[in-house]
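See structure below.
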Amino acid sequence: MNDKDIKIVSFLCNWCSYGAADLAGVSRMEYPADIRVIRIPCSGRMSPKFVLSAFREGADAVWVSG
């Protein structure tokens, strides 16, 4: 596997990090296309099942940000 094949699933808190990601998009900043952003209500209440499911579905890395 090379760096081009890495799939990253990111779970971003609606109240914090998702706002920053949204602002980056509005500002036309770019991030790698292999990062899939999933907005969640609160990272503190996220179920570990989401992380396990992402790996089960083929993610190479999972990023949880509050």
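Read-outs throughout are calculated quantities, based only on the coordinates presented, and are distinct from any laboratory measurement. Bear in mind the structure is a predicted one, so any value in this text is a computation, not a measurement. Cβ placement follows ideal geometry from the backbone for every residue including glycine, while neighbour counts extend to all protein chains displayed.
Go through the stretch 1-57 and give me each residue that's among the aromatic types (Phe, Trp, Tyr) and surrounded by 14 or more Cβ atoms within 10 Å (Cβ to Cβ).
Matches in the stretch 1-57: 11, 18, 50.
Among residues of the stretch 41-54 that are among the small types (Gly, Ala, Ser), those with a Cβ under 6 angstrom from a residue that is surrounded by 10 or more Cβ atoms within 10 Å (Cβ to Cβ) and not in a loop (DSSP other than H, G, I, E, B), sequence gap 6+ or separate chain, pair up as 43/13; 43/64; 54/9; 54/62. The residues of the stretch 1-38 that are touching a strand residue (DSSP E or B) at 6+ places or on another chain (Cβ under 6 Å) and in a strand (DSSP E or B), listed by number, are 8, 9, 10, 11, 12, 35, 36, 37, 38.
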